[in-house]
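The block underneath contains the structure these notes are about, expressed in structure tokens.
The values are calculated or read from the model by the stated rules, or taken from the named source; none is laboratory data. What you see is a predicted model; the values in this text were computed from it and never measured. Counting neighbours? That spans all protein chains shown, and the Cβs are built from the backbone with ideal geometry, glycine included. Surface areas here come from the heavy atoms of the whole protein model, side chains and all, with no ligands, DNA or RNA. Shrake-Rupley method; radii C 1.70, N 1.55, O 1.52, S 1.80 Å.
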Amino acid sequence: ALRDCLLHTAPAGEPRRVAVESESLGRDHFRRIAHDLLFLLRVPGVAADIVSDAGSYAIWLDVLGLLQGMDPQLRLVSAHVVFENRSWAIAVSVSTEFAPIADQIVAGLLPRLRGSI
């Protein structure tokens, strides 16, 4: 659900990315999904299960990839910019909601990494 909420159908030749202009982000659907996911990841062992399952881990990496191109702003270079898109504010909000989720996933990875050293 998280990946579907974030996914933007990009025109041919453009990379897939999070659509900051999407209705899902504007209406806080993402925030609800993020809070539910964070709640689940805080249950002992759930984050470790996600990173140990190849399919779930692939989805996690795909979500990270989508977030990387979230706000492709191009600034106009001239004497005066008449209008500046405010999509950056949504990108900051998504990043803020996503940070604790990433922390929990990393916490799930740590036992595996310690065991392989």
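Structural remarks
- The C-beta contact set for the stretch 58-69 (first residue under 12 Å from Phe98 (Cβ atoms), second residue open to solvent by less than 30 Å² (accessible area, probe 1.4 Å), distance under 6 angstrom, 6+ apart or interchain) comprises Leu66/Leu6; Leu66/Val18; Leu67/Val18.
- Out of Val51, Val18, Val46, sole residue that is closer than 20 Å to Ala91 by Cβ, open to solvent by less than 80 Å² (accessible area, probe 1.4 Å), at pLDDT 70 or above and in contact with a Leu (Cβ under 6 Å, 6 or more places away or on another chain): Val18
- Count of the stretch 66-114 residues which are of a type in the set (Phe, Trp, Tyr) and either at pLDDT 70 or above or open to solvent by less than 80 Å² (accessible area, probe 1.4 Å) (or both): 2
- Inclusion of Ile59 among residues that are modelled with pLDDT under 85, within 28 Å of Asp28 (Cβ to Cβ) and in contact with a Gly (Cβ under 9 Å, 6 or more places away or on another chain) is not warranted.
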